[in-house]
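Student: Below is a structure I'd like to ask you about.
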Amino acid sequence: MYAEERQQAIATLIGQRGRVSVAELADQYKVTTETVRRDLAVLDRLGLIRRVHGGAVGSGALTTIELGTVERDSTRAAEKDRIAELAQRYLPESGGSVLFDAGTTTARVAAAMPTDLDLVAVTNSLPIATRLTGFAGLRVHLLGGRVRGVTQAAVGAETLRLLGELRVDVAFLGTNALTVRHGLSTPDPEEAAVKRAMIAAADRVVVVADARKIGREDFVRFGDPADIDVLVTDTDIPATAHADLVAEGIEVVLA
């Protein structure tokens, strides 16, 4: 079980029972008490539970977990690095335009780009925009809007208006979940709306997502399998899911 999955299970359990001890959680999930305390610290920072002496209690009727960029960036980092490296082959030619969705994997794709590329780069991500401004050949455009603290991404009506006026060669998108049945999905409706607009603005859509996201479904769908031209993921993708996505006409590339 990955850390995010365990944390979601812990939050659900606390919501059901009201109060759970560190020792109980360590025994149930077969991890050390130190690991449980780190999990509880993450959940407490997100406002999903309240830490108390010896354990944790529920903080309200919250049902979904959306981890912040710090927590997500450390999850499956090696796989994300390989995905970012392989995704470089889908960058547009010199003089083209590229759109980066907010996310830890898309941020790695942006960071791995050659620094001398002559491209227009557009993003709704504050960290990605900051990183790309150091690339001499890029003309960087940061989309405006309300910034969500948990993802450091611009969302809302202004972001959607700007995206509606754009046409880019390639969009690199992240996702929280992907299945053939439910398509691309994410926990937040505003983030979903922005991702949907990015798909509409791009001639080619390249989804970059580690295999843990494949086979999962999240709250809000923002795209169909038919919207995806290329999926760059890692070799841990389940064989059945791989076959199903290929059958939908998606180019699936394993890093």
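Student: Which pairs have Cβ atoms under 6 Å, sit 6 or more apart or on different chains, and link a residue in segment 29-41 that is over 12 Å from Ala3 (Cα atoms) to one that is surrounded by 16 or more Cβ atoms within 10 Å (Cβ to Cβ)?
Tutor: Close Cβ pairs satisfying both conditions: Thr33/Val22; Thr33/Ala26.
Student: How about segment 231-253: which of its residues are part of a strand (DSSP E or B), open to solvent by 20 Å² or more (accessible area, probe 1.4 Å) and touching a Leu at 6+ places or on another chain (Cβ under 6 Å)?
Tutor: Passing the criteria: only Val252.
Student: So Val155 clears everything in (1) open to solvent by 50 Å² or more (accessible area, probe 1.4 Å); (2) β-branched (Val, Ile, Thr); (3) more than 24 Å from Val230 (Cα to Cα) except one condition, right? Which one?
Tutor: (1)
Student: Show the residue pairs that are 6+ apart or on different chains and have beta-carbon atoms under 6 Å apart, the first residue being within segment 42-57 and open to solvent by 50 Å² or more (accessible area, probe 1.4 Å), the second being basic (Lys, Arg).
Tutor: From segment 42-57, the pairs are Asp44/Arg51.
Student: Got a number for residues in segment 205-230 being in a strand (DSSP E or B) and closer than 26 Å to Arg148 by Cα?
Tutor: Residues that pass the stated criteria total 9.
Student: Out of (1) open to solvent by less than 70 Å² (accessible area, probe 1.4 Å); (2) at pLDDT below 80, what's the single condition that is false for Leu25?
Tutor: Condition not satisfied by Leu25: (2).
Student: Scan Ala197, Ala192 and give me the residue that is in a helix (DSSP H, G or I) and either polar (S, T, N, Q) or within 14 Å of the chain's Cα centre (by Cα) (or both).
Tutor: Just a single option satisfies the conditions, and that option is Ala192.
Student: Name the pairs whose Cβ atoms lie under 6 Å apart, with the first residue in segment 161-187 and within 12 Å of Ala201 (Cα to Cα) and in contact (Cβ under 8 Å) with a residue 40 or more places away in the chain, the second in a strand (DSSP E or B) and basic (Lys, Arg), and 6 or more positions between them or separate chains?
Tutor: Pairs found: Val170/Arg204.
Student: Regarding segment 194-212, can at least one residue be identified that is farther than 19 Å from Glu251 by Cα and of a type in the set (Asp, Glu)?
Tutor: No: segment 194-212 contains no residue that is farther than 19 Å from Glu251 by Cα and of a type in the set (Asp, Glu).
The values are calculated or read from the model by the stated rules, or taken from the named source; none is laboratory data. Not measured: the values here are computed from a predicted model. In this analysis, Cβ positions are derived from the backbone assuming ideal geometry, glycine residues included, and neighbour counts consider all displayed protein chains. Accessible surface is based on the protein model in full, side chains and every heavy atom, while ligands, DNA and RNA are left aside. Shrake-Rupley method; radii C 1.70, N 1.55, O 1.52, S 1.80 Å.
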